[in-house]
Amino acid sequence: MNIPFLDLSKLDQKLKEKLKLRFAALLEEGVFSGGKEVQLLEGTFKSTLNSQFAIACANGTDALELAFRALGIGPGDEVIVPALTWVSTAEAVVMVGAKPVFWDTDEEGLLRSDWVQAVNATTKAVVPVHLYGQMADMKTLGEKARELGIFVIEDAAQAFGAKQNGKPAGTFSEVGCLSFYPTKNLGALGEAGMCLSQNKEIAEKIRLLGNHGQPIRDEHVLIGRNSRIDTVQAAFLNVMLEDFQVHQGKRKKLAQIYLEGLAEISELKLPEKILSDNHNAHLFVIQTQFRDSLKEFLASEGIGTAIHYPQILPDMDVFFQNGDFGTSRKITREALSLPLNPWLSEEDVWFIVNRIRAFFRP
Ligand SMILES: *Cc1c(COP(=O)(O)O)cnc(C)c1O
């Protein structure tokens, strides 16, 4: 058996053909930046997510950085960030000159609800990360932030497609940031990202910042940068979006097999809420104190797994910070991501389930 954690060369043949055709059309058209594919992509996001504004950009990290800059966050400001997340969340804070203040997560890897204790006079924003595709409780978090007078920027890079009470991830806050890195649920064939906003002024500022401060060509009203999306990536995403719901259905079906197949193993903590709308089944993360030996065992059986993430940010030299990060740190020791993507078969997942059972009940 050989089941890699994720193998993007396995995109189904029909999808590959559609992508080739779309690329061939662009090649004939000769438009490689901006153009109607980008407009189409942004339009689709606005309508399907019911978002007032959608600004495509170069990647998810840029989306976060553009959001912070558009909100005027910079030197002297603090931003609250979960201790356990992909590095971009804190990196973008530092890139605008502000200081990330790390806070522990709960057992599911979401910002712990007592984060308000980290707020002081210099705190400008809090960044909930919808880790693994599961949304943070946005109602409570939003209410607290409003009371405190600080911004919320959602890092929804892993959560496209998740919804809380019918409202899509990324639309609960001043700015919601999405990533279309190839391994995400909606992945480009390269780098791409997006900012969502429900505020016209903020949205306009983000668009200006990501395009050299130009409202129209050769007029520069502020100092920005280039974080435009490639036309080809927008086009690929438009194609990928056609299959998105089908792929999500596949992910949920496979996640259900894992949940059923692994339910009896008391040594495992399973992502119990992965089938709810609140979760987009981006990653299937189990937790066990036997993580390292299980990972090794599965590798010897030809099954690839991943660790999201092996280290919390405040334990890294570059972000070093003291604090109470016990729960996040426990996740770095115990979490294991099992293969979950639309190109796996149900048989693949049953095979994985049976090998995990064999590990715990030899
Ligand atoms: C992927 C990811 C990002 C960054 O996205 P890129 O497109 O790779 O720059 C940011 N935050 C989280 C939580 C992510 O998983």
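The values are calculated or read from the model by the stated rules, or taken from the named source; none is laboratory data. Since the structure is predicted, the reported quantities are computational estimates derived from the model, not experimental observations. Glycine also receives a Cβ, built like all others from the backbone with ideal geometry; neighbour counts cover every protein chain displayed. Accessible surface areas use protein heavy atoms only, side chains included; no ligands, DNA or RNA. Shrake-Rupley method; radii C 1.70, N 1.55, O 1.52, S 1.80 Å.
Contact annotation: residue pairs with Cβ atoms under 7 Å, 6 or more positions apart or on different chains, pairing a residue in the stretch 316-327 that is closer than 22 Å to residue 97 by Cα with a partner that is surrounded by 12 or more Cβ atoms within 10 Å (Cβ to Cβ), are 319/90; 319/100; 319/313; 320/314; 321/102; 321/314; 323/102; 323/314.
Among the helices (runs of 4 or more DSSP H) confined to the stretch 15-127, the ones with at least 2 residues that are surrounded by 21 or more Cβ atoms within 10 Å (Cβ to Cβ) and among the polar types (S, T, N, Q) are located at 88-95.
Of note, residue 5 satisfies the criterion of being modelled with pLDDT of 95 or more, out of contact with any His (no Cβ under 7 Å at 6 or more places or on another chain) and under 30 Å from residue 296 (Cβ atoms). The residue that is nearest to the ligand (Cβ to nearest atom), among those in the stretch 184-216 that are of a type in the set (A, V, I, L, M) and under 21 Å from residue 236 (Cα atoms), is 192.
Quick check: is even one residue across the stretch 12-23 more than 30 Å from residue 302 (Cα to Cα) and aromatic (Phe, Trp, Tyr)? For the stretch 12-23, residues more than 30 Å from residue 302 (Cα to Cα) and aromatic (Phe, Trp, Tyr): present.
Give the stretch 145-154 a look and list any residue that's part of a helix (DSSP H, G or I) and surrounded by fewer than 16 Cβ atoms within 10 Å (Cβ to Cβ), or say none. Matches in the stretch 145-154: 146, 147, 148.
Within the stretch 349-362, does at least one residue satisfy the condition of being open to solvent by 10 Å² or more (accessible area, probe 1.4 Å) and modelled with pLDDT under 95? Checked against the condition, which is being open to solvent by 10 Å² or more (accessible area, probe 1.4 Å) and modelled with pLDDT under 95, the stretch 349-362 yields at least one hit.
Would it be correct to say that residue 142 is open to solvent by less than 50 Å² (accessible area, probe 1.4 Å), farther than 28 Å from residue 228 by Cα and without any contact (Cβ under 8 Å) to a residue 40 or more places away in the chain? It is true that residue 142 is open to solvent by less than 50 Å² (accessible area, probe 1.4 Å), farther than 28 Å from residue 228 by Cα and without any contact (Cβ under 8 Å) to a residue 40 or more places away in the chain.
Taken as a whole, the stretch 186-193 holds no residue that is of a type outside the set (D, E, K, R), in contact with a Ser or Thr (Cβ under 6 Å, 6 or more places away or on another chain), outside any loop (DSSP other than H, G, I, E, B) and more than 30 Å from residue 7 (Cα to Cα). Would you be able to say whether some residue in the stretch 234-248 is in a helix (DSSP H, G or I) and more than 29 Å from residue 192 (Cβ to Cβ)? No - not one qualifying residue is present in the stretch 234-248.
Restricting attention to the stretch 280-339 and to residues that are of a type in the set (S, T, N, Q) and not in a loop (DSSP other than H, G, I, E, B), the residue that is farthest from residue 267 (Cα to Cα) turns out to be 300. Scanning the stretch 1-14 for residues that are assigned to a helix (DSSP H, G or I) and exposed (fewer than 11 other Cβ atoms within 10 Å of the Cβ) turns up 9, 13, 14. With the structure loaded, tell me whether residue 44 is more than 12 Å from the ligand (Cβ to nearest atom) and under 20 Å from the mean Cα position of the chain (by Cα) or whether it fails that test. In short, yes. Total residues in the stretch 166-180 satisfying the condition of being within 12 Å of the ligand (Cβ to nearest atom) and open to solvent by 10 Å² or more (accessible area, probe 1.4 Å): the figure is 1. When you check residue 245 against the structure, is it free of Cβ contacts under 8 Å to residues at least 24 places away in the same chain, open to solvent by 60 Å² or more (accessible area, probe 1.4 Å) and over 17 Å from the mean Cα position of the chain (by Cα), yes or no? The answer is yes for residue 245.
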